[in-house]
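The values are calculated or read from the model by the stated rules, or taken from the named source; none is laboratory data. It should be emphasised that the depicted structure is a prediction, and the values quoted were computed from it without experimental measurement. Ideal geometry is used to build each Cβ from the backbone, glycine not excepted, and the neighbour counts take in all protein chains shown. When the accessible area is computed, the model is the full protein with side chains, heavy atoms only, and any ligands, DNA or RNA have been set aside. Shrake-Rupley method; radii C 1.70, N 1.55, O 1.52, S 1.80 Å.
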Amino acid sequence: MDAVLAIAAVAAAAGTFVIRVPKVRAALALIALALIPVMLAVELWDTSSLDPLRERPAPALFGVALGVMAMAGLAYAFDKRSWLFAPLAVAALPFRIPVDTGGETANLLLPLYFVIGAGVMAYAWSYLSGQREGPEDPPGATESAVLLLLALYAVQAAYSTDFEVALKNMAFFYVPFALMLRLFTAVRWNRETIVRCFGVLVGLALLFAAIGYFEYATKELLLNPKVIAQNQFSSFFRVNSLFFDPSIYGRFLALVMLLVLALMLWSSSKRT
């Protein structure tokens with residue numbers, strides 16, 4: 001049953017790229033979104049991760065309902081101002097929220113999941129309500145490679161000896177990211193949208209760098225006890241800003257540096 005749900009979620013996400021009928025494509029996006037929590041719940045129901053849901057279902061379901069309502073509110077904002085999705089998705093990319101899952105702490109991309117969920121709702125509504133019509137461009141080379149990866153991973157996961165890990169990868173990464181790619185390919189990438197996303201990334205990088213400098217100056221870290229302990233026995237002091245992992249912090253700054261460097265190299269303005 002778990003494998004069937006996982007393959008169905010991947011198939012629905014892939015269908016949003018290859019199906020040419022707009023309303024069917026919109027419905028498949030909603031199905032893929034809905035199957036993510038369903039397949040997690042089915043797989044993890046008997047584990048300690050879902051103890052709060054089994055022991056106190058009413059508060060848990062109330063919290064889920066509030067989250068869905070908030071997501072619907074953001075979807076309404078996306079529907080009225082479609083340009084909001086891309087910069088908000090970019091802004092949510094770096095942030096992970098620690099969540100206690102039955103004695104273990106998982107750092108989940110909750111802000112990004114929230115934005116993706118709202119984006120899928122707005123995307124589906126725009127077609128199901130008739131606001132948008134007509135087929136979109138067929139998947140290009142990048143999208144086709146992603147779809148092939150998704151299909152291969154889902155099929156191999158079905159006979160994996162550690163299916164729980166494979167399912168978590170699909171639920172937390174592959175299916176949501178495929179839906180995000182679907183939403184990004186539907187965005188009208190004009191100059192204004194690109195400038196907004198670029199500005200968000202640079203602003204975040206400056207904020208994270210400032211916090212990193214503060215941590216280095218005070219020799220105090222805000223997150224990750226393991227890194228704090230390791231710094232006590234190292235000849236150098238690592239900082240991680242608002243990231244849990246110093247390496248991911250460095251990757252994010254390197255990514256923004258490359259974008260800034262590209263702007264500097266290709267801009268005809270000496271002032272830039």
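To keep it simple, each residue is scored yes or no on (1) over 25 Å from PRO138 (Cβ atoms); (2) open to solvent by less than 60 Å² (accessible area, probe 1.4 Å); (3) polar (S, T, N, Q).
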residue	(1), (2), (3)
VAL4	yes, no, no
ALA29	no, yes, no
ALA58	yes, no, no
VAL64	yes, no, no
MET69	yes, no, no
GLY73	yes, yes, no
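I'm trying to understand the selection: among the residues of the stretch 150-172, which are at pLDDT 90 or above and open to solvent by 70 Å² or more (accessible area, probe 1.4 Å)?
LEU152
Just to be sure I understand, how many residues within the stretch 137-149 are assigned to a loop (DSSP other than H, G, I, E, B), touching a residue at least 12 places away in the same chain (Cβ under 8 Å) and open to solvent by less than 50 Å² (accessible area, probe 1.4 Å)?
Selection size over the stretch 137-149: 1.
List every residue pair whose Cβ atoms lie under 9 Å apart, where the two residues are 6 or more positions apart in sequence or sit on different chains, the first residue falls within the stretch 77-100 and is touching a residue at least 60 places away in the same chain (Cβ under 8 Å) and within 16 Å of GLU192 (Cα to Cα), and the second residue, located anywhere, is charged (D, E, K, R) and open to solvent by 30 Å² or more (accessible area, probe 1.4 Å).
Filtered contacts from the stretch 77-100: SER82/ARG188; TRP83/ARG188; TRP83/GLU192; TRP83/ARG196; ALA86/ARG196; PRO87/ARG196; VAL90/ARG196.
If you check ARG20 against the conditions, is it in a loop (DSSP other than H, G, I, E, B), modelled with pLDDT under 90 and either open to solvent by less than 40 Å² (accessible area, probe 1.4 Å) or of a type outside the set (S, T, N, Q) (or both)?
yes
If you go through the stretch 115-136 one residue at a time, do you hit one that is open to solvent by 30 Å² or more (accessible area, probe 1.4 Å), under 16 Å from the mean Cα position of the chain (by Cα) and within 30 Å of PRO246 (Cβ to Cβ)?
No, the stretch 115-136 contains no residue that is open to solvent by 30 Å² or more (accessible area, probe 1.4 Å), under 16 Å from the mean Cα position of the chain (by Cα) and within 30 Å of PRO246 (Cβ to Cβ).
Can you find a residue that is open to solvent by less than 90 Å² (accessible area, probe 1.4 Å) and assigned to a helix (DSSP H, G or I) anywhere in the stretch 238-247?
Looking through the stretch 238-247, at least one residue is open to solvent by less than 90 Å² (accessible area, probe 1.4 Å) and assigned to a helix (DSSP H, G or I).
Answer yes or no as to whether PHE244 is touching a strand residue (DSSP E or B) at 6+ places or on another chain (Cβ under 7 Å) and modelled with pLDDT under 90.
Numbers: touching a strand residue (DSSP E or B) at 6+ places or on another chain (Cβ under 7 Å): yes; modelled with pLDDT under 90: yes.
So PHE244 passes the test.
Could you list, in sequence order, all residues of the stretch 6-17 that are at pLDDT below 90 and crowded, with 21+ Cβ neighbours inside 10 Å?
The answer is ALA6, and nothing else.
Just the residues that are open to solvent by 40 Å² or more (accessible area, probe 1.4 Å), touching a residue at least 60 places away in the same chain (Cβ under 8 Å) and not in a loop (DSSP other than H, G, I, E, B), please, taken from the stretch 186-198.
GLU192, ARG196, PHE198
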